[in-house]
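Asker: Let me begin by handing over the structure; questions about it come next.
The values are calculated or read from the model by the stated rules, or taken from the named source; none is laboratory data. The shown structure was predicted, so the numbers you read here are calculated from the model rather than taken from an experiment. Heads up, the Cβs are rebuilt from the backbone with ideal geometry, glycines too, and the neighbour counts pull from every protein chain shown. Ligands, DNA and RNA are excluded from the accessible area calculation, which covers all protein heavy atoms including side chains. Shrake-Rupley method; radii C 1.70, N 1.55, O 1.52, S 1.80 Å.
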Amino acid sequence: MSTDKKPRQGKVILVTGSSGLVGKAIQKVAEEDPRPDERFVFISSKDADLTSAAETAALFEKHHPTHVIHLAAMVGGLFRNLKYNLDFWRNNSLMNDNVLHNAHLHDVEKVVSCLSTCIFPDKTTYPIDETMIHNGPPHDSNFGYAYAKRMIDVQNKGYFVQHKRRYTSVIPTNVFGPHDNFNLEDGHVIPGLMNKVYNAKKDGTPFTIWGTGAPLRQFIYSIDLARLFLWVLREYDEVDPIILSVGEEDEVSIKEVAENIIKAFNFTGEVIYDTSKSDGQFKKTASNAKLRKYLPDFKFTPLETAVKETVDWFTENYETARK
Ligand SMILES: NC(=O)c1ccc[n+]([C@@H]2O[C@H](COP(=O)([O-])OP(=O)(O)OC[C@H]3O[C@@H](n4cnc5c(N)ncnc54)[C@H](OP(=O)(O)O)[C@@H]3O)[C@@H](O)[C@H]2O)c1
């Protein structure tokens with residue numbers, strides 16, 4: 001990282017959490033389509049622990065960003081959430097407050113933070129939309145994570161009402177892609193299934209999918225999400241959040257996803273649906289109507305292509321991938 005004490009010329013875009021799934025995708029997309037007036041600074045926890053007020057202040061002092069994409073977060077699956085709800089609340093609240101407060105102190109023009117569809121009320125009507133975030137308690141399993149994320153929206157509103165800042169947030173559905181966490185216990189469904197097929201193929205054992213495969217989900221490829229993130233940074237002018245997702249018509253079953261993964265690996269072994277395991281919620285459809293109002297022609301990568309690219313990345317980077 002270079003020290004930048006000169007007057008600001010063009011945009012300096014600080015991306016927190018850039019060693020993760022979403023951050024790596026933003027890095028790739030930004031490098032593929034560089035803009036002369038934009039300079040990106042990609043940081044991870046090695047550059048600054050954002051739960052520390054002093055380290056966050058030093059980071060902003062060093063880079064003088066004009067824009068911030070705030071991805072850094074303590075994230076995890078069901079079991080980690082159940083065990084560490086307090087840590088999820090504290091670490092994420094601290095990171096979010098440190099980043100937003102320093103952005104304000106340094107006169108940052110725009111901050112785009114990341115919420116998630118899993119922070120929505122547990123009891124709700126479907127499809128969920130951006131106006132429903134605060135309509136009731138989140139699922140009890142991840143209340144710490146969910147409330148910390150919801151408070152970003154409250155804080156963005158506060159910065160607008162009190163200081164006319166245009167700090168905003170996006171709400172992605174389930175993200176997958178290269179650099180994901182492929183851990184079987186703590187990862188999400190797509191990387192978990194990919195790791196299972198990899199092992200089944202290597203060991204000549206059956207590929208077992210938990211549940212019936214019937215539940216429906218909306219998945220977004222990290223590269224598509226990265227393109228949309230940069231559009232939000234450059235063009236979206238609202239303080240209120242926007243859901244970044246494929247449409248309701250593009251919900252797919254876990255079975256369909258599994259079949260795409262099997263094809264991408266060219267796996268010819270036995271496939272078992274272990275119906276003694278719970279399916280979880282059948283669907284939790286989110287509406288992308290707001291996104292479509294702004295970007296009616298945005299083309300999402302077909303699931304088959306996105307799955308194939310992720311499987312190829314995982315196979316090529318198996319030794320170093322998180323798993
Ligand atoms: N993945 C999804 O399906 C999904 C869905 C909706 C929303 N999101 C949101 O998207 C954002 C990025 O998620 P992701 O899936 O890319 O997560 P990820 O791969 O786990 O990356 C998390 C990032 O946060 C950084 N980080 C964690 N603790 C930190 C700390 N104390 N100080 C500084 N940096 C810290 C990590 O840095 P190190 O690598 O150095 O630890 C890493 O770069 C998060 O805000 C998440 O809530 C993700």
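Asker: Those residues that are farther than 24 Å from S222 by Cα and within 15 Å of the ligand (Cβ to nearest atom), I need them from segment 110-140; list them, please.
Answerer: Correct list: P138, H139.
Asker: Only residues that are of a type in the set (G, A, S) and open to solvent by less than 40 Å² (accessible area, probe 1.4 Å): list them for segment 38-56, please.
Answerer: S44, A48, S52
Asker: What pairs come out if I take residues in segment 129-145 that are under 19 Å from V170 (Cα atoms) and pair them with residues that are open to solvent by less than 30 Å² (accessible area, probe 1.4 Å) and acidic (D, E) whose C-beta lies under 7 Å away, six or more apart or interchain?
Answerer: I133/D153
Asker: State all residues of segment 253-263 that are open to solvent by less than 80 Å² (accessible area, probe 1.4 Å), within 22 Å of W313 (Cα to Cα) and free of Cβ contacts under 8 Å to residues at least 60 places away in the same chain; if no residue qualifies, say none.
Answerer: Once the filter is applied, which keeps residues that are open to solvent by less than 80 Å² (accessible area, probe 1.4 Å), within 22 Å of W313 (Cα to Cα) and free of Cβ contacts under 8 Å to residues at least 60 places away in the same chain, segment 253-263 yields only N260.
Asker: Every residue in segment 152-176 that is touching a strand residue (DSSP E or B) at 6+ places or on another chain (Cβ under 7 Å) and more than 9 Å from the ligand (Cβ to nearest atom), please.
Answerer: I152, D153, N156, R166, Y167, T168, S169
Asker: Wholly within segment 221-319, which helices (runs of 4 or more DSSP H) include no fewer than the required count, namely at least 2 residues that are among the hydroxyl-bearing types (S, T, Y)?
Answerer: Hits in segment 221-319: 303-316.
Asker: Check segment 178-196 and report whether any residue there is surrounded by fewer than 22 Cβ atoms within 10 Å (Cβ to Cβ), within 22 Å of K290 (Cα to Cα) and within 16 Å of the ligand (Cβ to nearest atom).
Answerer: Checking segment 178-196: not a single residue is surrounded by fewer than 22 Cβ atoms within 10 Å (Cβ to Cβ), within 22 Å of K290 (Cα to Cα) and within 16 Å of the ligand (Cβ to nearest atom).
Asker: While we're on this one: Across segment 274-306, which residue is nearest to the chain's Cα centre (by Cα) among those that are open to solvent by 60 Å² or more (accessible area, probe 1.4 Å) and of a type in the set (S, T, Y)?
Answerer: Y294
Asker: Continuing with this model, one more query. Among (1) more than 13 Å from the ligand (Cβ to nearest atom); (2) more than 23 Å from R150 (Cα to Cα); (3) free of Cβ contacts under 8 Å to residues at least 60 places away in the same chain; (4) not charged (D, E, K, R), there is one condition F42 misses while meeting the rest; what is its number?
Answerer: (1)
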